[in-house]
Amino acid sequence: MEHKRFGYFENTPIYAHRMTDGDLAVTVIDYGARIASLTLGGRELVCGFADMAGYLADKDYHGAIVGRYANRIRDGRFSLNGTEYRLAKNEKGRAHLHGGNRGFDARVWTPLTCGDNAVTLTLFSPDGEEGYPGNLTVAVTYTLKDRTLSIDYKATCDADTVINLTNHAYFNIGGVGEESVHDQILQMKADAIAEVDGWLIPTGRLLPTAGTPFDFSRPKPIGKDIGADNEQLKNGGGYDHGFRLLPRRPEEPAAILTSPHSGITMEIFTTESGIQMYTGNYMTADNPFFGGIPQQAGGAVALECNKLPDSPNRPEFPSPVLAAGQTYRQTTAYRFSREG
């Protein structure tokens, strides 16, 4: 484990924590508990920035832990135990997105080292922060072992609340800046997507994926159907949808991403019930990544393991409610391999 000063945020020093496992290396920073770098054989597989200036200008949650509720909540409101809670409508004035105006991505987390191959970062979110009920304590542990990056989430609260955490890394396993993710092969064990309207706000309906551009039950290039004449693709400007995962055994990956260019495969294992897939449709070149690599649509894909969007308002979806005194747990792991 290596620890280096990365920069400052509001006069607080931010450190980078680097772990290695053979030729696989990951760097996590205190700001937003973000994955700032993930390399295999020296090839960069996630988008990131060279310094704090890049992250402070970032509007796309690169590599961050997002919460208290990842994804969208329609109209920025939900009811719990007969009380309505109003949240910031920080996406186009119509929906609450990724925890609000200052979610967990824009907070300084406290690092606690666990060993040579793991680091735990903690955060306290007070009652009423961004409109959410209860004093919430969160711990996220990154572990790098056996060519696998695991993220273990744990949280407790002193009042009933809602919680939905995820990591918002943007992957390009062909190498950031080397190829479009449209050429990469994706398989996902999902049978439905959460329908969205023209503002990307969930309608509450689930649409079957079979026979549609959203069918990744068999491996296919991400870009194969992205330009299809499909209302949901038009609404998202590409893929920006929550996929409902099928039941599977713990040893079965929920998704597999492969780059013919690099020969790298990434398998995703998760205890969660959904994956939000976003193909970077609105990434712009005004805040370049490390090495001056420009941001561009299709330059990376986010595969965020979490609950379906707007689940606080959808009792038919898996519940995001965390009861007072109970413990929220979630694990997502990314296993890497390479041909040749």
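A search for C-beta distances below 7 Å between a residue of region 1-28 that is hydrophobic (A, V, I, L, M, F, W, C) and any residue that is outside any strand (DSSP E or B), counting only pairs 6+ apart in sequence or on different chains, returns M1/D116; F6/M52; F9/M52; I14/D30; I14/M52; M19/M1; M19/N117; L24/R147. Between E179, E231, E267, E251, the distinction of being in contact with a Lys or Arg (Cβ under 7 Å, 6 or more places away or on another chain) and on the phi < 0 side of the Ramachandran plot belongs to E267 only. All told, G198 meets the bar of being surrounded by fewer than 19 Cβ atoms within 10 Å (Cβ to Cβ) and in a loop (DSSP other than H, G, I, E, B).
Filtering region 66-98 to residues that are surrounded by 15 or more Cβ atoms within 10 Å (Cβ to Cβ) and either among the hydroxyl-bearing types (S, T, Y) or under 20 Å from M283 (Cβ atoms) (or both) leaves V66, Y69, A70, N71, R72, Y85, N90, E91, A95, L97, H98.
For every residue, the table says whether it meets (1) in contact with a strand residue (DSSP E or B) (Cβ under 7 Å, 6 or more places away or on another chain); (2) of a type outside the set (S, T, Y); (3) farther than 20 Å from A333 by Cβ.
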| residue | (1), (2), (3) |
| --- | --- |
| G54 | no, yes, yes |
| I65 | yes, yes, no |
| Y69 | yes, no, yes |
| R72 | yes, yes, yes |
| L80 | yes, yes, yes |
| T83 | no, no, yes |
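Every residue, every condition in (1) acidic (D, E); (2) surrounded by fewer than 16 Cβ atoms within 10 Å (Cβ to Cβ); (3) touching a strand residue (DSSP E or B) at 6+ places or on another chain (Cβ under 8 Å); (4) modelled with pLDDT under 95, yes or no:
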site	(1), (2), (3), (4)
T141	no, no, yes, no
T156	no, no, yes, no
G174	no, no, yes, no
L186	no, no, yes, no
F216	no, no, yes, no
K220	no, yes, yes, no
D225	yes, no, no, no
E231	yes, yes, no, no
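Of the candidates S259, S311, S273, the single residue that is surrounded by 14 or more Cβ atoms within 10 Å (Cβ to Cβ) and over 23 Å from N164 (Cβ atoms) is S259. Per the conditions (1) within 21 Å of D58 (Cβ to Cβ); (2) modelled with pLDDT of 95 or more, the sole criterion not satisfied by G76 is (1).
Taking the listed residues T203, T212, the one that is under 22 Å from the mean Cα position of the chain (by Cα), polar (S, T, N, Q) and either closer than 23 Å to S311 by Cβ or surrounded by 14 or more Cβ atoms within 10 Å (Cβ to Cβ) (or both) is T203, with no other qualifying. Residue selection: T39 satisfies the criterion of being among the β-branched types (V, I, T), closer than 24 Å to T258 by Cα and without any contact (Cβ under 8 Å) to a residue 60 or more places away in the chain. Here is the figure for region 75-115: residues that are of a type in the set (D, E) and either under 13 Å from V162 (Cα atoms) or part of a strand (DSSP E or B) (or both) total 2.
The residue list D158, D152 contains one member that is more than 30 Å from D197 (Cα to Cα), touching a Lys or Arg at 6+ places or on another chain (Cβ under 9 Å), in contact (Cβ under 8 Å) with a residue 60 or more places away in the chain and of a type in the set (D, E, K, R), which is D152.
Counting only strands (runs of 3 or more DSSP E) that sit wholly inside region 1-61, those with at least 1 residues that are among the aromatic types (F, W, Y) and surrounded by 19 or more Cβ atoms within 10 Å (Cβ to Cβ) are 2-9.
The values are calculated or read from the model by the stated rules, or taken from the named source; none is laboratory data. For clarity, every value in this text was computed on a predicted model and none was experimentally measured. Cβ: placed from backbone, ideal geometry, glycine included. Neighbour counts: every protein chain shown.
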